[in-house]
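Trainee: After the structure tokens below, expect a handful of questions from me.
The values are calculated or read from the model by the stated rules, or taken from the named source; none is laboratory data. In this text, all values refer to a predicted model and were calculated from it rather than measured experimentally. Heads up, the Cβs are rebuilt from the backbone with ideal geometry, glycines too, and the neighbour counts pull from every protein chain shown. We work out accessible area using only protein heavy atoms, side chains counted, and drop any ligands, DNA or RNA first. Shrake-Rupley method; radii C 1.70, N 1.55, O 1.52, S 1.80 Å.
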Amino acid sequence: MVEAKWIARCFLFASIAGSASGLCAAEPMRESFLQPMGPVADEQFNHLLRVIGITMVVILPVLVGVPLILWRYRYSAPLGEYTPRWEFSKKLEWVLWGVPVLVVVVLASWLWYSTQKLDPYEPLGPEPLQVQAIGLDWKWVFIYPDEGIATVNELALPVGRPVELTLTTDTVMQSLLISSLTGQIYAMPGMTTKLNFAATRPGVAEGENTQFNGTSFGRQKFTVRAMTPTDYATWTAGGGGGLLLDEATYTILRRQTVLAEARQDLGLEGTAQPIRMRATEDGILERIVAKYHTSGRRAHGWGGTGRPSDNSVQTAE
Amino acid sequence: MSETNLYPGLNLGSGHGEAHDQAETTVFGFWVFVMSDLFIFGILFASYASYLDPIGMAGGPGPQTLFDIKSVAIQTAFLLVGGVAYGGVSIGTKYEHGRTVVIASLLLCAALGAGFLFFEVKDFITQAGKGGVPQASGWLSAYWALVGLHGVHVFSGILWISAMIAQIAVRGLDDVVKVRLSMLGVFWHFLDLIWVGIFSFVFLVPLA
Amino acid sequence: MNEATSPIFGNLNWQVTPYTDLLRDVNSSTIVGAGAASVLVLGTIAGVALLTYMRWWGPLYRNWLTSPDAKKIGIMYIALALIMLARGIIEGFVMRTHQATALGTLAQQESGLVAPDHFAQLFSTHGTIMIFFVAMPLLIGLINFVLPQQLGARDMAFPVVNQVSLGLTTVGAALVMISLLIGKFGTGGWTMYPPYTGIEYSPGEGVDYWLWAILISGIGSTLTGMNFAVTIFKERAPGMHFMRMPLFCWTSLCVAIMMIYAMPALTVSSAMLALDRYAGFHFFTNEAGGNMMNYANIFWMFGHPEVYILILPAFGVFSEISSTYSGKRLYGYTSLVIASMSIAVISFTVWLHHFFTMGQSAGVNIAFGIATMIIGIPTGVKIYDWMATMWRGRVRITAPIVYLTGFFLLFVIGGLSGIILANPSIDYQVHNSTFLVAHFHNVIIPGVLYGMLAGIHYWFPKAFGFRLDEAWGRRTAFLFVGGFVFTFLPLYVLGLMGMPRRSPTFQNPDFMPWMYIAGFGAVLMLCALTSLFWTFWTSYRNRLALAVPGGDPWNGSTLEWSTPAPAPEWTFPRIPHVQARHDWGETKRSNDPWRAPKQYCDIEMPSNTPHGLLIAGASFCFAFAMVWHIWWLAILSFLAVPGLIALRGMMIIEPKIIKAAEVEEADCRFRQQVANLSAVTRADEETSRNRGVPDVSEFAG
């Protein structure tokens, strides 16, 4: 088992050799759970190696056996005996069915264990940091309700404290993934889902939407900063800056734009820097979820519920 | 497949194999089709159940406002009696009572089916008047799709009956027509079966 | 979308072709779009010109389009699939080229070969085509051709329904094809998840093209499933007990049962989405109680069995060829039957693994994760059984065996990634990534594509009377194996590195080396495609040298090898009485295997009819009119379908009678020919000495 894990580990590291060069850079952007920054991704990586190792029991015989059989029993120069009428062996049946069954029993037990352990709804510890995420077309709004801060495309976290991310979307279905910290979960309009995770070492990671949602899907990425508790305290003490996340700002953010375009719409400088805002109103996420629970007609307020049309862009400006 | 395996219920000429083999294959194929159709209804029933909650109704009109159980009972009566009336077709075919009896029974079935449709459409119109249109909520979409699809089936059944009447009038009760009548019977009773499900789960459950 | 809908032309106008886009803005994306449309237009013109010049319209209509013969219908299905395969592979190549040029930054507009929307159309059509109009017609075609011959039947249970199914599948393919020229295709991927594909976020004709293509071809596939099932249950030759059926028939039965139960789910989910889009229903919308989770559930209730619908026929092919080309009996027949049936049943219980990440509880995920792993057991057993079949055999490394070897070595890697994905905790990471893309290509290309191409190579002589060139067949197989390895193994790495699927752009320069390797693989795939068509062409040119009139070029053991190649319309002069599981093998071990039947009788065959063609025509008009909101045409063509059926119901249809004398003459000619041909051993199988009469001293089945 241990050897299998090591082989798998070597194979995986060899296969991401290309990204190894990136690790040398000053502040590498981690995009993969093969470079875990927290306990969830760490366990997911371990479980991946475990599964590969166990499954090798049933796969290696094929990878080795097929070339051997082809070589030994080739028509042109056969080596072994020829038993054309042989078509059944009770002993062999036991092995052919038995080994896969045993392997699946082992795998299934591990599956049960790791799925329970990594249930994204289970907090990793007491009093997790509450953050809310709202998926919009081609950007993410993060709200820190207790700190009164909101950001676009930036998720700052203190190392060592569990985080509970509550997700929804105000457009089509999306899926939020921060690979080096935790897995993904869908965000759906009118509903909330949760991701629980924690960072154990400081660093910068990339988060993204993985569910295709239109033209600029490829640019719906955000920056995750895992900071030391002191750095995080400084970050929160910095407050939300000049911009207030109110209905008007939100309506502009809700347009189908990427971060850089949204900055322009909001009259901000810079290209793709995250936006920071004050979030003083209570229950923004709840209001956005509730918009979708009305009958038939479109909801109003907080940008409504339909696809933001080009007209609304002009009227808002 | 062998001569001992005569197709039951139909009077297909001589006792010897060929026609019976063919009938067996054809009618079996139709049963398979019905099974597949049943699956469609099954998924729609499941969908209806999943939208039957406050979120699915989204504040739109609900079952208490929209359903008129008396009218549904009348529809049920029409449809089930229509099923019984098809017995006339089957018996008429088997014991060779002649075209007239078979056509008369078919007409009776069609009329009862039409009666069912009349009350169903009337209900749909009333419900739409109360705001119960399929565009109002997920639950109403599921309701209209499920009950509507059954209605479309009944309508197709009536079309099929008309086609069979035309065939009997033109071709007479030949073996092919008899086999088709047997399949139509399966279809017609299948609609009753679905309706029993609709009556219980679509109408009675939310009202209970 | 234009403002007003014309009462006559609906939303159609001159602005909908890719040429308009090209005139508006000349860039690589619009050039690719207009180029694709031009290939379609020129290809159609060339096809029509060829048919006219060669005066083939009449024969095409009489011998093919109106024929209810399952063998011919099967061949037409495969021809359709190969045309669509060409488009699918070229699209794959364009996508790989695009991604190799798509490195960008967050601040800048997306760059690369094609525009993001164009890229999205490409992955949507590619997936739709490859699943519904390549894999499905390939397997349906192969089953149509092989199944009745293996069962000892003359035709399918419902030949005309079979014709209609082919027509409806072709309508679906035609709709996807015509979207190249008229309008655009949807951008929601082959699954078309709402609410993105709802009318709110995807207005216009794109999603509608997909919907009608799927709805119409889906009905065709449901009917096909019924046809296969009834044929297997009711049309077996006397003595062909269930446990004597060749494995390919067993997997066909599994496929048929799965189609009957799975296709309705797709019909329902697509119909609901159509109601949402056309009539403002709220099944899957964001607002008013709509719930997109229901779409995912219903779609995958179809989608997962579909995966096994695709792969089981290939498993059937592998069972046949591993035995035939090893000159040895199939190992573990009963095991293989049990394994196939288990796969068919369990495949209905695992659909939720396609959305472990939708937010349900861990308990639900565990249940479906374990169910998914359980399905790996019978699949593994099958692979070991084929290995045991080849063990202590005498294996000829023919093209099908190259495909089988590629399948063995690659499919287990796909199985490994499948087991990985079955773990919800890991799936949270690699779901929606190129790891997943690599996984399903890793099971579908070695599984379905290799299996079907191996099957085509194996049964080709039975259809056309000559073998395919072995050297080119092997070259094609090696190219497909190499193409797969280079194209898709890098996608595993990219997925683990965090690249989402369907990305029109990405920002990580570390992805680039892998992108180039995958791009090289796509070039190999194009070469493989060319080589495949070249194999057909060069074999056609050498058809005299490759001819196998004896009908049994591989020394097979199943019934279909007892008849001439090409098989006559009636297949068997007399319906055989089956005595054993390897009936033809046993016959060859007895005296005088090619002895003539004692007497001949008249044979009843279904007569030709344009019924399928007419229904297909009406369905195409209906679907096209619905896509473009041409309501009058939609209503007329919709009414035409029941009208045509009712009309046919009124007619008394006489079967075509083939006189005993005619059968006798043809059959005697065949027996005479076999007697005159010299038998060859397997050593000469690939040479021109192989005229289809095997040396019966070598063991078969």
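Trainee: Expressed in nm to one decimal, what extension gain is obtained for the pair C:K656 and C:Y278 from 0.36 nm per residue of sequence separation less their Cα-Cα distance?
Mentor: Extra length from C:K656 to C:Y278 when fully extended: 131.6 nm.
Trainee: Could you order peptides B:50-61, A:232-243, C:272-283 by the average number of other Cβ atoms within 10 Å of their residues, highest first? It would help to have the intermediate numbers written out before the result.
Mentor: On the way: B:50-61: 18.6, A:232-243: 14.2, C:272-283: 21.8.
Averaged packing, sorted descending, gives the order C:272-283, B:50-61, A:232-243.
Trainee: A further question follows. What order do C:L168, C:L479 take when sorted by accessible area (1.4 Å probe), most exposed first?
Mentor: Per-residue accessible area, sorted high to low, gives C:L479, C:L168.
Trainee: A further question on this structure: With a ≥ b ≥ c the root eigenvalues of the C-alpha gyration tensor of region C:79-171, is it rounded (a/c under 1.5), prolate (a/b larger than b/c) or oblate?
Mentor: It is prolate, given that a/c is not under 1.5 and a/b is the larger ratio.
Trainee: Another question about this same structure. Per residue of region A:194-199, what does 6.51 cos²θ - 1.76 cosθ + 1.60 with θ = phi - 60° give for ³J(HN,Hα)? Whole Hz please, x for Gly and Pro, Karplus curve as stated.
Mentor: For region A:194-199, the Karplus-derived couplings read 9, 10, 10, 7, 7, 9 Hz, x marking Gly and Pro.
Trainee: List the residues whose amide H sits under 5 Å from the amide H of A:S175, counting only those 5 or more places along or on another chain, with H placed 1.01 Å from N in the peptide plane.
Mentor: A:A187, A:T210, A:Q211
Trainee: May I pose another question? Based on DSSP H runs of at least 4 residues, each adding -39500 (n - 2.57), what is the mean residue ellipticity at 222 nm of chain A after dividing by all its residues, to the nearest 500 deg cm²/dmol?
Mentor: -12000 deg cm²/dmol
Trainee: What residues have an amide H closer than 5 Å to that of A:A199, excluding those fewer than 5 places away on the same chain, when H is modeled at 1.01 Å from N in the peptide plane?
Mentor: A:G160, A:R161
Trainee: Which lysines, on any chain, are close to A:K91 with Cα under 29 Å apart, when same-chain ones fewer than 8 places away are left out?
Mentor: Within the straight-line limit of under 29 Å, A:K91 reaches these lysines: C:K328, C:K382.
Trainee: Moving to a separate point now. Excluding B:V154 itself, what net charge comes from residues whose Cβ is under 14 Å from its Cβ, given Lys and Arg +1 and Asp and Glu -1?
Mentor: Local charge sum for B:V154: -4.
Trainee: Okay, moving on. For a quick check of understanding: with a 1.4 angstrom probe and all protein chains in place, what accessible area in square angstrom does B:E120 have, to the nearest ten?
Mentor: 10 Å²
Trainee: Let me know the shape class of the protein assembly as shown, please: from the alpha-carbon gyration tensor, a ≥ b ≥ c as square roots of the eigenvalues, rounded when a/c is under 1.5, otherwise prolate if a/b is greater than b/c, or oblate. Let's see the in-between values first.
Mentor: On the way: a/c = 1.85, a/b = 1.27, b/c = 1.46.
In terms of gyration-tensor shape, oblate.
Trainee: Summing +1 for each Lys or Arg and -1 for each Asp or Glu, what net charge is found among the other residues whose Cβ lies under 15 Å from the Cβ of C:I182?
Mentor: On the way: positive: C:K184; negative: C:D21, C:E205, C:D208.
Combined, the nearby Lys, Arg, Asp and Glu give -2.
Trainee: Evaluate E = 1/(1 + (r/R0)^6) for B:D192 and B:V101, where r is the Cβ-Cβ distance and R0 equals 35 Å; express this FRET efficiency to the nearest 0.05.
Mentor: The computed FRET efficiency comes out at 0.95.
Trainee: While we're on this one: Compute the signed sum of charges (Lys and Arg +1, Asp and Glu -1) over the other residues within less than 13 Å, Cβ to Cβ, of C:E205.
Mentor: +1
Trainee: Angle check, please: helix C:399-422 long axis (alpha carbons) against the longest principal axis of chain C (alpha carbons), in degrees 0 to 90, nearest 10.
Mentor: Result, in degrees: 40.
Trainee: How well do other chains shield peptide C:403-412, expressed as the mean number of their Cβ atoms within 10 Å of each residue Cβ?
Mentor: The mean count of partner-chain Cβ atoms within 10 Å per residue comes to 3.
Trainee: Restricting to the protein assembly as shown, what percent of DSSP beta bridges are antiparallel, rounded to 5? Show your work: numbers first, answer last.
Mentor: Details: 36 of 54 bridges.
Expressed as a percentage, antiparallel bridges in the protein assembly as shown total about 65.
Trainee: What is the angle, in °, between the Cα long axis of helix C:333-346 and the longest principal axis of the Cα atoms in chain C? Nearest 10 is fine, range 0 to 90.
Mentor: Roughly 20 degrees, rounded to the nearest 10.
Trainee: List every residue whose amide H lies under 5 Å from the amide H of A:Q184, counting only residues 5 or more places away in sequence or on a different chain, with H placed 1.01 Å from N in the peptide plane.
Mentor: C:Q429
Trainee: Enter the accessible area of C:S590 (Å², nearest 10), with the probe set to 1.4 Å and all protein chains included.
Mentor: 50 Å²
Trainee: Computed over the Cα atoms of chain A, what is the convex hull's projected area averaged over all directions, in nm²?
Mentor: Hull-based average projected area comes out at 24.3 nm².
Trainee: What average number of partner chain Cβ atoms lie no more than 10 Å from the Cβ of the residues making up C:273-285?
Mentor: 5
Trainee: Taking a ≥ b ≥ c as the square roots of the Cα gyration tensor eigenvalues, with a/c under 1.5 meaning rounded and otherwise prolate when a/b beats b/c, else oblate, which class fits region A:129-293?
Mentor: Numbers: a/c = 1.32, a/b = 1.16, b/c = 1.13.
Because its axes are fairly even, with a/c under 1.5, region A:129-293 counts as rounded.
Trainee: Roughly how far apart, in whole Å, are the Cα centres of region A:127-142 and region C:511-552?
Mentor: Taking the Cα centre of region C:511-552 as reference, the centre of region A:127-142 is 50 Å away.
Trainee: Still on this structure, I have one more. Among A:285-293, C:36-44, C:98-106, A:138-146, how do they line up by average Cβ neighbours within 10 Å per residue, starting with the highest?
Mentor: Per-residue mean Cβ counts within 10 Å order the peptides as A:138-146, C:98-106, A:285-293, C:36-44.
Trainee: Cut-off under 24 Å on the C-alpha distance; same-chain residues fewer than 8 positions from C:K72 excluded. Which lysines are left, in chain and number order?
Mentor: Reachable lysines: C:K234, C:K462, C:K656, C:K659.
Trainee: Here's something else I'd like to know. For region C:634-649, take each phi angle, set θ = phi - 60°, evaluate the Karplus expression 6.51 cos²θ - 1.76 cosθ + 1.60, and give the result in whole Hz per residue in order, putting x for glycine and proline.
Mentor: 4, 5, 4, 6, 5, 5, 4, 5, x, x, 4, 5, 4, 4, 5, x
Trainee: Could I ask something else about it? Run the numbers on region C:56-547 and let me know its relative contact order in percent, using alpha-carbon pairs under 8 Å that are six or more apart.
Mentor: About 16 percent, as a whole number.
Trainee: Do any trypsin sites (Lys or Arg not before Pro) in region A:52-97 lie in a loop, going by DSSP, with at most 16 other beta-carbon atoms within 10 Å of their beta carbon, and if so which? Before the final figure, lay out each step's value.
Mentor: Details: sites: A:R72, A:R74, A:R85, A:K90, A:K91; in loops: A:R85.
Loop-located and lightly packed - A:R85.
Trainee: Taking each full run of DSSP H in chain A as one helix, which ones are at least 27 Å long along their axis (Cα atoms) and have mean Kyte-Doolittle hydropathy of at least -0.5?
Mentor: Correct list, ordered by number: A:39-72, A:90-117.
Trainee: With angles folded into 0 to 90 degrees, how steeply does helix C:159-178 sit against the dominant principal axis of chain C? Use alpha carbons for both and round to 10.
Mentor: So the helix axis and the longest Cα principal axis differ by about 40 degrees.
Trainee: Tell me, what % of the accessible area of the protein assembly as shown is carbon and sulfur with a 1.4 angstrom probe?
Mentor: Ligands and nucleic acids excluded, carbon and sulfur give 67 percent.
Trainee: To make sure I understand the rule: partners must be lysines, Cα under 30 Å from the Cα of A:K194, and not fewer than 8 residues away in the same chain. Which ones qualify?
Mentor: A:K194 reaches A:K117, A:K139, A:K221, A:K291.
Trainee: Any idea of the accessible area per residue across region C:56-547, 1.4 Å probe, to the nearest Å²?
Mentor: Per residue, region C:56-547 has an accessible area of 23 Å².
Trainee: In addition: What list of ³J(HN,Hα) values in whole Hz, one per residue of region C:100-111 in order, does the Karplus curve 6.51 cos²θ - 1.76 cosθ + 1.60 (θ = phi - 60°) give from phi, with Gly and Pro shown as x?
Mentor: 6, 10, 9, 5, x, 10, 5, 7, 9, 4, 4, 10
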